Structure formats: C-alpha cells, structure tokens
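Take a look at the structure set out below.
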Amino acid sequence: MATGFTMSYNHALQDAQLSLPAKGLYLIMQSFVGMPDFALTKAALYRVCGDSHYTFEKAWHELKTSGYLHHFYSIGPNGGFCHAYDLCQAPEEVHAFAYISSLERPNGDLRLQPSDRAVRGFTRLPNAVLRSRELPLGVKGLFGLVARLLDIPGFQLRPAGVLHYCREKARRFGTLWRKLKLAGLLKQHRYPSGEDNVFTYEYDLLAEPELQTPYLTNYHADGSISSSASIQDYLTLLQARAQARLPGRRKRKAQKRVRAIQASRTRKYQPSETQLAAIQTQMDYDDLVTHYPKAHVDLVRTALAELRHAPAVTVQQQPLSPDERTSLWEKVSRTTLSAFLDAPSWADRLRAAQYPAAYLRSVLVSFLRRQPARAAADAPLDAWELEWLADFHHRKKKNS
C-alpha cells in the first residue's frame, strides 16, 4: 500500500469542465511528480488506475486536449525517442505532441507547471487512495473534489453542491457518489430537522477505506440510533445475489447463502438462562425489583447481558472493543445500578423511544463510562458481613 500524501492543485479539482475520471488521473499523476529517476509510462499509470483501459485512455486524451497535460519528445543518443510530460496547474495552450531538442530532467519525466491565473491553494490527499488498484478513476476524482470542498470554511457538503463542480450529469454523478460510500471512504449521518420527513446531513471523509461500519447512520428524535448493515456485509449479500442468478447447482447453493445472510441480519442475540442467572446475581436483581419498576430492571438486565455475552456490541455507531466491554463490566455493581436507576432523565425519554432496549443500552454504556475505575465495584465484604448476609437470605427463604 502506498504511503504519504500528495498536495494537489485546487484549480483542476474545481474545474467543472473536467470529468471526474480525468480529475482522478490528474491526481494519480501528481502523486508521482518529483520522484527521482521516475520514468512515466502509460502502462505504469494504468496499473494503479483501477479502471478499464477505455476509461483510462479517455481520461488521458481529455487531459491533453483540455491543456492540463503537455507531451514532449526528443531523440536520444542511441536514436530512440525520449518522452517527458508537463502537468499544468491550470489549462494552457494545447501541445498535443511537441518536439524539443533536449530533455534533461533529474527529477523524473513528469514535472508540474505552475500558473499565475490558477485558483490558489492545495488539498492534501492520501496516496493510499490515489494509487489504489481497486478504486476507479471517477471515485478518486470525486474523493479529491470532496476533500477540497470540505476544506472551504462554512461549506455545507451536499451532493447537488458537489455536482456543480463536475462535468457529469446527475445520474452518472449519483453512481460515483454511491461508489464512494460503498468504498468505505464517505460516511453519511442523517439527523431530524424537527419537520416531518425533513432531515439534515453530515459527512465524514476518511483517509482509508472502512468497510466494517455502515455508510449511513440515522439519528432519531427520541435519541436512538439505527443503521444499515456494514458495507462488507452489504457487498457480501450483493455478491451472493449475483451468484444466485447462475444456473443449476451453483444457483441453489447461492440462493441458500442469500437466505442465510438475510436471516443473520434479523437474528437478535438472546442470552441463555445460565447467563441471565449470572447477570441477576451480579446486579442483585431480587433487591432491585423491590425498589424500582420491574420493566426498567429487566431492560437493564438485558443490556448487561448483551454487554457481557453478545458476540458484538455497537453503541452510537461505534463497536465496543473487548477491552472496553470488560472495563465497563467491572464497574457494574448494586451501587452503580442504583445510581443509574435513580436518574430521572433517561426514564422520561424511554417512553418515547422507538427502540427502548437500544436506547437504554446506549444510555447505560454512557453512564458506566463516566464512572471512575476505583468505584467500579463495591469493596469486598468482611467475614461478619458475609455471615450476616448468608443468615439473612436463609431466614428470608425459610419464611417464604
């Protein structure tokens, strides 16, 4: 994987007459500028373009005809042709194929040509994205454009606003916008605006693809959070659906796989009776239900069971690591749970929550995170306290 960053010219990124694949190829070429003894060849560029040969040739031709790429050649000492290129900051007079008597460039075949009439400024872009062999040219160009627009103070990122700087029509732009999200580089957050069916959106542009989290997260008015499956799960399902269209035995196996994936999405974690019994002992369930509403205590028990035993727990879009889950579990005690159940704010919002269990789990985790580690558990009981407690439970059981 390529490392480092490239400082890309903003003029080409904001040029609405330049297509997104051409912008992507421009960014790739700029990432190689200044490399000593670098020999620029179309074959080397094609290996990292992540697109078809037709798209690559079309973007190459567009850069030359638009004046961003100048191609020079000369005759070497052995009689062969030597090639060099200028990548312009702004469009210049077109030189499709020009002869010069000497080509002496110690820093490689490709150099940048500044311009006094270009849009000022640069945008810092990761080489891992620009030189990726999986991302097509259009996605790379869109990535660079979005990164540039996010650097503008006060700019509200919206697809319609990004489209203003693109040569593509709305349908083609929408396809590339979706591919950028499915690549794990653009995360979308949707918030209610207070009006019916009206939402506000925020976006995060990542320097590396993240496929284990969803590209869209919904924040509801009641405080709950919902999201689609992770990008990796979504792509796996798409692949299985494509294979399900194959004939014969492979089709039947693929259809079975699709059903299994869909079932795993809807299957909810259910703690066993043994696990619930251990949770009830830890939280002193019998005593809590005598002081607090049983429905609230049951929800807390379910949230603790998920925190302790579920294969994966996600709170506010972020998965909890095993170490954090262990740390939170060590803070669970009769004292901390009583303090949580005494808090009135979450109980009032719980009635309006669309998903009460998910909402309470999020609130409980936030509460446990605020608890100091030294107060994670009650101090161990002395011998006389243990003896008195055992005698108390024996008499209580005998009387009942």
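The values are calculated or read from the model by the stated rules, or taken from the named source; none is laboratory data. The structure displayed is predicted, hence computed values, not measured ones. Cβ sites come from the backbone with ideal geometry, for glycine too, and all protein chains shown count toward neighbours. The protein model used for the area step is the full one, side chains on, heavy atoms only, and it has no ligands, DNA or RNA in it. Shrake-Rupley method; radii C 1.70, N 1.55, O 1.52, S 1.80 Å.
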Worksheet item: What number of residues within the stretch 50-108 are modelled with pLDDT of 85 or more, assigned to a loop (DSSP other than H, G, I, E, B) and hydroxyl-bearing (Ser, Thr, Tyr)?
Response: 3
Discussion item. For the stretch 23-47, which positions are under 15 Å from Ser132 (Cα atoms), open to solvent by 20 Å² or more (accessible area, probe 1.4 Å) and touching a residue at least 24 places away in the same chain (Cβ under 8 Å)?
Written reply: Phe32, Arg47
Item to complete: For Lys179, work out the one condition from (1) assigned to a helix (DSSP H, G or I); (2) touching a residue at least 40 places away in the same chain (Cβ under 8 Å); (3) open to solvent by less than 60 Å² (accessible area, probe 1.4 Å) it doesn't fulfil.
Response: (3)
Worksheet item: Taking helices (runs of 4 or more DSSP H) that fall entirely within the stretch 266-310, which contain at least 1 residues that are touching a residue at least 24 places away in the same chain (Cβ under 8 Å) and either more than 18 Å from Thr335 (Cα to Cα) or touching a Gly at 6+ places or on another chain (Cβ under 9 Å) (or both)?
Response: 273-283, 294-309
Practice prompt. Would you confirm whether any residue within the stretch 184-191 is within 28 Å of Ser366 (Cα to Cα) and open to solvent by 30 Å² or more (accessible area, probe 1.4 Å)?
Written response: yes
Item to complete: Return the total of residues in the stretch 296-306 being farther than 23 Å from Asn218 by Cβ and of a type in the set (A, V, I, L, M).
Response: 4
Worksheet entry | Exclusive hit being hydrophobic (A, V, I, L, M, F, W, C) and at pLDDT below 75, set Leu307, Leu360, Leu320, Leu350 | Leu350
Practice prompt. Among the residues of the stretch 311-344, write down those that are assigned to a helix (DSSP H, G or I), open to solvent by 70 Å² or more (accessible area, probe 1.4 Å) and either farther than 16 Å from Ala278 by Cβ or touching an Asp or Glu at 6+ places or on another chain (Cβ under 9 Å) (or both).
Written response: Pro322, Asp323, Thr335, Asp342, Pro344
Worksheet item: Does Leu20 fit the bill of being under 30 Å from the mean Cα position of the chain (by Cα), surrounded by 17 or more Cβ atoms within 10 Å (Cβ to Cβ) and modelled with pLDDT of 90 or more?
Response: yes
